[in-house]
1. Consider only pairs whose beta carbons are under 9 Å apart and that are at least six residues apart or on different chains; among these, list those whose first residue lies in region A:360-387 and is within 14 Å of chain B (Cβ to nearest Cβ) and of a type outside the set (Val, Ile, Thr) and whose second residue is assigned to a loop (DSSP other than H, G, I, E, B) and surrounded by fewer than 16 Cβ atoms within 10 Å (Cβ to Cβ).
2. Is at least one residue of region A:285-299 under 19 Å from A:ALA237 (Cα atoms), at pLDDT 95 or above, within 24 Å of the chain's Cα centre (by Cα) and surrounded by 24 or more Cβ atoms within 10 Å (Cβ to Cβ)?
3. Would you confirm whether or not region B:349-370 contains a residue that is in contact with a strand residue (DSSP E or B) (Cβ under 8 Å, 6 or more places away or on another chain), at pLDDT 95 or above and farther than 30 Å from B:ALA137 by Cβ?
4. Of the residues that make up region B:171-188, is at least one in contact with an Asp or Glu (Cβ under 6 Å, 6 or more places away or on another chain) and outside any strand (DSSP E or B)?
5. Based on this model, can you work out whether A:ALA337 counts as touching a residue at least 60 places away in the same chain (Cβ under 8 Å), over 18 Å from B:LEU67 (Cβ atoms), buried (at least 21 other Cβ atoms within 10 Å of the Cβ) and touching a strand residue (DSSP E or B) at 6+ places or on another chain (Cβ under 9 Å)?
6. Looking for whichever is of a type outside the set (A, V, I, L, M) and either under 13 Å from A:GLY371 (Cβ atoms) or at pLDDT below 95 (or both) here; the options are A:TYR257, A:TYR277. Which one fits?
7. Considering region B:83-97 alone, what residues qualify as being under 30 Å from A:CYS25 (Cα atoms) and at pLDDT below 95?
8. Which residue pairs have Cβ atoms under 8 Å apart, sit 6 or more places apart or on different chains, and have a first residue in region B:180-195 that is within 8 Å of chain A (Cβ to nearest Cβ) and a second that is of a type in the set (Lys, Arg)?
There are 2 protein chains.
Amino acid sequence: MQALLTRPALLASGWPRPRNFPHNCHPFRAESHFSYLVGRQLPGAALWIEPGAARLYATPPDPDDRLWHGAEPSLAELSSELGLEVRPLAELAERLDAASLPPQDPRAAAWLAERLGRRLPPSSQPWDARDAALADALIELRLCHDEAALEQLRQAAAITVDAHVAGLRRTRPGEREAHVRASMEALVVSSGMTLAYPPIVTVEGQILHAQRHDRQLAAGDLLLVDVGAETPEGWAADVTRTWPVSGRFSATQRDLYDAVRTAQAAAFSAVRPGARYSEVHRLSQRVLLECLIQLGLFSGSLDALLELHAVSLFYPHGVGHLLGLDVHDMEDLGDRAGYAPGRVRQQDPSYRYLRLDRDLRPGMLVTIEPGFYQIPDLLSGLEPGGPLERALNRERLAQFRDVQGIRIEDDVLVTETGHEVLTAALPSDVQSLERIMAG
Amino acid sequence: MQALLTRPALLASGWPRPRNFPHNCHPFRAESHFSYLVGRQLPGAALWIEPGAARLYATPPDPDDRLWHGAEPSLAELSSELGLEVRPLAELAERLDAASLPPQDPRAAAWLAERLGRRLPPSSQPWDARDAALADALIELRLCHDEAALEQLRQAAAITVDAHVAGLRRTRPGEREAHVRASMEALVVSSGMTLAYPPIVTVEGQILHAQRHDRQLAAGDLLLVDVGAETPEGWAADVTRTWPVSGRFSATQRDLYDAVRTAQAAAFSAVRPGARYSEVHRLSQRVLLECLIQLGLFSGSLDALLELHAVSLFYPHGVGHLLGLDVHDMEDLGDRAGYAPGRVRQQDPSYRYLRLDRDLRPGMLVTIEPGFYQIPDLLSGLEPGGPLERALNRERLAQFRDVQGIRIEDDVLVTETGHEVLTAALPSDVQSLERIMAG
C-alpha cells in the first residue's frame with residue numbers, strides 16, 4: 001500500500017453503533033478499507049500510512065471493561081500480533097495533513113474531520129484530489145483478490161451454498177418466509193459467520209430488495225432467496241436462487257426460469273480476462289430477450305427490441321457487481337470502483353442500474369445475476385400505443401402470472417484463462433433444485 | 001403525553017445506519033421514545049408535540065425506491081393509519097424552540113441540532129431544563145406499562161421462552177457455542193421477531209457480557225445463555241438460563257446453581273408495589289451470601305461479611321433493571337429513569353452496578369437476575385491478608401472449579417397485589433432443565 005501512496009493517509013475503523021441505548025450496539029463491523037489493510041475488526045482505531053511507514057492507533061483496553069467483556073489484547077500484544085507499530089489513539093491529537101476516505105460511521109467521520117481539519121465530502125460529491133488518489137490506490141489493491149482474500153471468499157461461498165441447501169429443505173407451503181430465512185441464517189450463524197447483507201426471502205420477487213418476511217408461502221409461489229454469508233474477517237458471498245414453494249416448478253415457471261438460466265450461462269461464458277463487463281451485461285440482456293421472444297412475450301426483431309430497451313421491462317437491473325469485503329465491493333466510493341476511469345454510468349434503461357463497467361482482470365470477483373420480474377410500475381408505465389406496448393404480447397404474458405420474480409445469482413472469479421464459479425456447488429438447474437427439495 | 005408537557009417537544013425516529021456502504025444498512029430500529037409515542041418503526045421521521053396537539057413529520061416515499069423496496073404508504077395513508085396529522089419532514093426547515101432528547105443515531109442528532117439551533121448534550125452531561133422536563137414526562141409514561149405494552153412484552157417473553165427450550169435441546173458436547181446461539185436465533189427470527197440485544201451464549205460465564213461464540217462445548221462445562229427477543233414493534237424480553245453441556249449438573253454445579261436460584265426466589269418474593277428495588281437487590285445479596293456461607297465458601301458472621309461486600313466478589317452486578325422497549329429500559333437517559341429523583345448510584349461494590357433504585361409500582365417490569373461467577377480479576381485482587389481474603393475459603397472454592405458463571409434471569413411484572421413472572425413458562429430448576437435437555 002505504501003508504495004502506491006505519494007502522501008500520508010489516515011483511515012478510521014469506526015466505533016460500535018448504539019442501537020437504542022449506548023450499551024446496546026449493532027454488531028461491530030470495521031470500515032472495509034481499514035479491514036482490508038489491517039486484517040482485523042478493531043473498533044476505535046485508525047491506520048496511519050505514509051510512504052515507507054505505517055502505524056496503527058488503537059484504543060487501549062479499559063480495565064473496567066474486563067468484568068463485562070473479558071480480557072482484550074494490550075496494544076503491545078496487538079502490535080506483535082499484527083507486526084505493526086501500535087500507539088494509543090489519543091496520541092493522534094494534533095491536526096494532520098493527510099488523505100482519507102469518508103467512513104460510514106458518523107462518529108468516525110466527526111473524529112476524522114477534527115484530525116484533518118476538514119470534513120470529508122460524501123463520495124457522491126466532487127473529490128478532494130488527495131482523497132481521490134488514496135481511493136484510486138485502494139481500488140487498485142482491492143479490485144483483484146490475492147490468495148488470502150480468495151480463501152476467505154471461498155469460505156463465505158461454501159457456507160452460503162450450505163445455507164441455500166438448508167433453505168431449500170425447509171421450504172413448505174403454509175410456513176412463513178421468515179421460517180426459511182431463519183433456517184438459512186441459523187446455518188450461517190452456527191458456522192461463526194454473519195450475514196453480508198439483509199436477506200431477501202420473498203414470494204414477492206418482483207420487489208428487487210424486498211425486506212418483509214411475514215408472508216405465508218403458498219404452493220403455487222416461487223420463493224426468491226438472496227442470502228450471503230460474511231466471514232468474521234469481513235469477506236462476503238452473494239447468492240440468489242429461486243425455487244417453487246411446492247417443490248415443483250410449474251411449466252410456465254420452468255420456461256421463464258430456464259430463460260434466466262440461459263442468460264446466466266451466456267454471461268458466465270463471457271467472463272474472462274480482457275472482457276468488458278458492460279458487454280457481459282449486454283450479452284445477458286440479449287440472450288434473455290431471445291428467450292422471451294421465443295416464449296412469445298415480445299414480437300419484433302431482436303435488434304429493434306434491443307433498441308427499445310424491451311428486456312429492461314422484465315430485467316431492469318445490472319447483470320452484477322464487484323464482490324469482496326463489501327457485497328457491492330467498494331460501493332462506499334460511489335461508482336469510482338465500479339467504473340473504469342473515463343467511463344460513466346449511462347442513464348438509459350438498459351444501463352442505469354449497472355454497477356460495474358471495467359475490463360475484467362484475473363483475481364476480480366463479480367456476481368452474475370440476471371433476472372425476470374413482473375413489476376407492476378414498469379408494466380403499467382408503458383406509453384399507450386407506443387412501440388414497446390405494441391411489441392409486448394400481454395395475452396401471452398398473462399399465462400405467466402405465476403411468476404412474480406426470478407433471479408439466479410452466482411459469484412464468479414476471473415481466472416487467468418477464463419472464470420471459475422465459486423458458488424458452483426449449489427446447483428441452479430430445475431431438476432437439481434427439485435431433487436434437493438424432495439430431500 | 002401532551003397533558004404532561006408545558007412546552008413543545010420534538011423527537012426524531014432516526015435513519016437506517018449504513019454498515020459498510022450506504023445501501024447496506026443495519027436493520028432499522030426507531031429511537032425508543034419515538035416508537036413509544038408513534039407506535040411505528042418509521043425511518044426519517046420526527047414527532048412534534050405541544051400542549052394539546054401532535055404532528056408527525058415523515059419522509060414521503062421515493063417513487064424511484066418502489067422498484068427496490070416495494071410500495072410504501074403515502075403520508076396521507078400513514079396519517080389515516082395512525083390517526084395523526086402527517087406532513088413532509090422537509091417542512092420542518094425553520095429553527096424551533098422545543099425540548100428534545102439525544103438520539104442514538106448521529107444523523108438524527110445532527111438533524112435535531114440544526115432544527116433546534118443547539119446540540120443536545122449526551123445524557124451523562126448536565127441536562128438542559130427543557131429536555132429534563134421532557135425526559136421526566138416520558139419516564140413517567142414509560143415506567144408503568146399499559147395493557148397494549150404488556151401484550152407486546154408477553155409476546156416477546158413467550159418467544160424467548162421457546163428460544164431457550166430450543167437452545168436447551170440443541171446443546172451437545174463437541175458443538176460450538178455458535179450452534180446453540182443459531183438454534184435460538186432461528187426460533188426468534190422464524191417468529192418474525194428480532195434479538196433485543198447481542199446474545200450471550202458462552203462457556204465462559206464469568207465474562208458477564210461475553211460476545212464470543214466460537215468455543216467448543218465440553219461435557220463438564222456450564223453454558224450461560226442470555227438471549228431475549230424483541231417484537232417488530234420494539235418491545236423486549238431478557239432471559240438468562242445456565243445449563244450443563246452434558247445434560248446433567250455435577251454436584252458442585254448443582255450446589256451453586258441452587259444457591260443462585262434461592263437468591264432469585266427470595267428476590268421474586270420481595271417484588272410488590274411499594275417495595276424499594278435496592279432492597280430487592282440487597283435481599284438477593286443477603287440470601288446468596290447465606291448460601292455461600294452454608295457451602296463453606298466464606299467463614300464469619302453474615303453481617304460482618306455483608307459489611308465487607310463479600311458477596312460482590314462472586315455476584316458483582318445488580319439484581320436487575322427496568323425492561324420495556326429497551327432491554328435496559330430508558331438507559332439512553334442515563335440513570336434518570338432507573339433512579340428515583342433524589343437517589344443516586346452508590347459507588348461501593350455492593351451497589352455500583354445496580355441500574356435501578358425506585359419504589360416499585362404496578363405495571364413496572366423488571367428483571368431479577370442474580371448470579372455467581374468466578375472472575376479471576378476479582379479473586380486475585382483481594383488485599384493480601386485483608387479481612388475478605390481471610391474470610392474466603394479458597395480450598396473449598398477450588399472444589400467448585402467446574403463453575404465459571406451462573407446467572408438466572410426472569411422478567412417480573414409488578415402487579416396490584418405482588419408480582420407475576422412473565423417468563424415463568426421456562427423452568428429454572430435443575431430437574432426441569434435436565435428433563436428438557438433429555439428431550
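1. Note: pairs meeting the criteria are A:GLN374/A:ARG401; A:PRO376/B:ALA71; A:ASP377/B:ALA71.
2. So far as region A:285-299 goes, no, none of its residues is under 19 Å from A:ALA237 (Cα atoms), at pLDDT 95 or above, within 24 Å of the chain's Cα centre (by Cα) and surrounded by 24 or more Cβ atoms within 10 Å (Cβ to Cβ).
3. yes
4. Among the residues of region B:171-188, at least one is in contact with an Asp or Glu (Cβ under 6 Å, 6 or more places away or on another chain) and outside any strand (DSSP E or B), which makes the answer yes.
5. yes
6. Within the list A:TYR257, A:TYR277, the selection yields A:TYR257.
7. B:LEU92
8. Every condition considered, the pairs that remain are B:SER183/B:ARG169; B:SER183/B:ARG170; B:VAL189/A:ARG181; B:SER190/A:ARG176; B:SER190/A:ARG181; B:GLY192/A:ARG176.
The values are calculated or read from the model by the stated rules, or taken from the named source; none is laboratory data. Owing to the predicted nature of the structure, the values given are computational and were not obtained by experimental measurement. Cβ: placed from backbone, ideal geometry, glycine included. Neighbour counts: every protein chain shown.
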